[in-house]
Amino acid sequence: MMKKAAVHNLGCKVNSYELDVMVQQLRSAGYEIVPFEERADLYLVNTCSVTNIADRKSRQMLHRAKHTNPDAVVVAVGCYVETDRKRLEEDPLVDLCIGNNRKGDIAKILSDYLDGRMKDGETAANLTDHPDFESMQLKTPGRTRADIKIQDGCNQFCSYCIIPYARGRIRSRDPEEIMEEVRRLSADGVKEVVLTGIHISSYGREKGLEPETELLNLLTRIQMVAGIERIRLGSLEPRIITEPFVRGISHLSKVCPHFHLSLQSGCDETLRRMNRHYTAAEYRDGVEMLRRFYDRPAITTDIIVGFQGETEEEFEKSRAFAEEIRFYEIHVFKYSVRKGTVAEKLPNPCTDAQKAERSDVLLELTHRQARNYRESFLGEEEEILLEEPVTIGGVPYFTGHTMRYVEGMISAENHFAGEMVRGTVQGISEDGMRLILRADDENA
């Protein structure tokens, strides 16, 4: 009888990509993948450790799995294994721990464990044992959009962040291997690829190469792959937004005008305590550069509220800066002290009430800015990549995204997933979240 495996993912896009590869390997090893809530022979939790809350959620999911089936093998994988390995190894509800740079060996490690070649609670290596970039290949995602991991690790050491300890130092994937995966995904019907990593703005740096040049070269090569219609960049550091880089990518028609530039705060004093390596003025210069080369590029970002020592005046500077920049979307995070970071020892922590209040202010701001941005496209022609069928008010639609990653919806009649459809923006959905398009062929 085929064994059943259930998987659960926590965390970032890199984790999602790596889980897809692990699921692929489990299927090849003969496992049937079932929902995490069901009884299974194997439970795999791809953990996250970006905050203390993420640690807690990782433990909760591992314990939930063992309670669902006490006889199952429960496997902890990834970042939490790296940051709190001893606790997991001593946890009686966790059978096996696998570090971040061994996810590509998941099938072999499980085989060794089940054959008795590993002990309960043993860790299958970690980053110090395997410091190089781990080769992984996603073959058949069955989607119109696919993430491609091009880089791992981070050397930034922001004062609030544990990720350099969880993911190790920067490591870049060989461009030939990336291109091989891009071509395979294109052959499988993927139309859009998203270049992702922990810090893709450092791509190639550990090899003594200039990331701006290496990333631009990679984008230029992907541009030439037949079948790939769009190339989307993952999160970027503001300092990579230079005139040569922006000028170069602006000549690549497939690169989406959607840029996630991590901000964290619009106040220079707070940025210094965070050990971010730019000022608000430098960030503004980067945004202005993008807007010189692109019409209404979608600028999205992350902002942390309530960081250690953030005063009302500092928060107001950050809020005013966000108002000035006119982001398409802000991901707002309430600061959570991360054990083992420099920020843990910084004085004057904010109260939970202050964090909640400041979060609400920015959430209201981003809701308003996002709606204004979407409304700027009313009456214009846009193209969306159809992804998911939905039914609204009894009417079938397809949802998808524009080049700027604005979600849209269009009548499902005579359309199919994976199709690129041009249409005129007729309105905004009731919840304010989607553009409503009428296909050009319907207007004829």
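The values are calculated or read from the model by the stated rules, or taken from the named source; none is laboratory data. On a predicted model such as this, the values are computed, not experimentally measured, just so you know. All Cβ positions, glycine included, derive from the backbone under ideal geometry; neighbour counts span all protein chains shown. SASA here: full protein model, heavy atoms, side chains in, ligands and nucleic acids out. Shrake-Rupley method; radii C 1.70, N 1.55, O 1.52, S 1.80 Å.
For segment 36-69, which residues satisfy the criterion of being in a loop (DSSP other than H, G, I, E, B), more than 28 Å from Glu181 (Cβ to Cβ) and either among the acidic types (Asp, Glu) or open to solvent by 50 Å² or more (accessible area, probe 1.4 Å) (or both)? Reasoning before the result, please.
To start, the set of residues in segment 36-69 that are in a loop (DSSP other than H, G, I, E, B) comprises 36-41, 48-51, 69.
Keeping just the survivors that are more than 28 Å from Glu181 (Cβ to Cβ) gives 37-41, 51, 69.
Selection gives Glu37, Glu38, Arg39, Asp41.
Residue by residue through segment 380-411, note down the ones that are charged (D, E, K, R), part of a loop (DSSP other than H, G, I, E, B) and open to solvent by 40 Å² or more (accessible area, probe 1.4 Å).
Within segment 380-411, just Glu380 meets the criteria.
Of the numbered conditions (1) over 27 Å from the mean Cα position of the chain (by Cα); (2) at pLDDT 95 or above; (3) among the charged types (D, E, K, R), Arg404 fails exactly one; give the number of that condition.
Condition not satisfied by Arg404: (1).
What pairs come up if the first residue lies in segment 241-253 and is outside any helix (DSSP H, G or I) and open to solvent by less than 70 Å² (accessible area, probe 1.4 Å), the second is at pLDDT 95 or above and among the β-branched types (Val, Ile, Thr), and their beta carbons are under 7 Å apart, counting only those six or more places apart or on different chains?
Qualifying pairs under 7 Å: Leu252/Thr220.
So the check is Cβ under 7 Å with 6+ separation or different chains; which pairs have a first residue in segment 347-360 that's charged (D, E, K, R) and a second one that's open to solvent by less than 100 Å² (accessible area, probe 1.4 Å)?
Listed pairs, sorted by first residue: Lys355/Val305; Lys355/Gly306; Lys355/Tyr335; Arg358/Val305; Arg358/Gly306; Arg358/Phe315.
Inside segment 135-183, can you point out the residues that are out of contact with any helix residue (DSSP H, G or I) (no Cβ under 8 Å at 6 or more places or on another chain), open to solvent by less than 40 Å² (accessible area, probe 1.4 Å) and in a loop (DSSP other than H, G, I, E, B)?
Thr144, Cys161, Arg173
Among Asn372, Asn414, Asn348, which is at pLDDT below 90, under 30 Å from Phe307 (Cα atoms) and surrounded by fewer than 19 Cβ atoms within 10 Å (Cβ to Cβ)?
Asn348
Could you look through segment 254-282, keep only residues that are under 21 Å from the mean Cα position of the chain (by Cα) and of a type in the set (Ser, Thr, Tyr), and pick out the one that is surrounded by the fewest Cβ atoms within 10 Å (Cβ to Cβ)?
The qualifying residue surrounded by the fewest Cβ atoms within 10 Å (Cβ to Cβ) is Ser262.
Which residues, counting only those in segment 353-379, are in a helix (DSSP H, G or I) and either in contact with a Pro (Cβ under 9 Å, 6 or more places away or on another chain) or among the hydroxyl-bearing types (Ser, Thr, Tyr) (or both)?
Hits for segment 353-379 are Ser359, Thr366, Tyr373.
Within segment 1-35, which residues are in a loop (DSSP other than H, G, I, E, B) and over 13 Å from Lys108 (Cα atoms)?
Scanning segment 1-35 gives Met1, Met2, Lys3, Leu10, Gly11, Cys12, Tyr31, Pro35.
All but one of (1) open to solvent by 60 Å² or more (accessible area, probe 1.4 Å); (2) modelled with pLDDT under 95; (3) not acidic (Asp, Glu) hold for Ser336; which doesn't?
Evaluating Ser336 over (1) open to solvent by 60 Å² or more (accessible area, probe 1.4 Å); (2) modelled with pLDDT under 95; (3) not acidic (Asp, Glu) leaves (1) as the failure.
Which residue out of Ser235, Ser186 is open to solvent by 10 Å² or more (accessible area, probe 1.4 Å), closer than 26 Å to Glu134 by Cα and touching a His at 6+ places or on another chain (Cβ under 7 Å)?
Ser235
Looking at Asn101, Asn126, can you tell me which residue is under 17 Å from Asn9 (Cα atoms) and modelled with pLDDT under 90?
Testing whether each residue is under 17 Å from Asn9 (Cα atoms) and modelled with pLDDT under 90 leaves just Asn101.
Please state which of the following conditions Gly204 fails to meet, knowing it meets all the rest: (1) within 30 Å of Asp84 (Cβ to Cβ); (2) open to solvent by less than 30 Å² (accessible area, probe 1.4 Å).
Status for Gly204: all satisfied but (1).
So which of Gln264, Gln308 ends up being at pLDDT 95 or above and at positive phi?
Numbers: Gln308 fails: at positive phi.
Of the residues listed, the single one that is at pLDDT 95 or above and at positive phi is Gln264.
Among the residues of segment 420-438, count how many are in a loop (DSSP other than H, G, I, E, B) and either among the hydrophobic types (A, V, I, L, M, F, W, C) or open to solvent by 40 Å² or more (accessible area, probe 1.4 Å) (or both).
4
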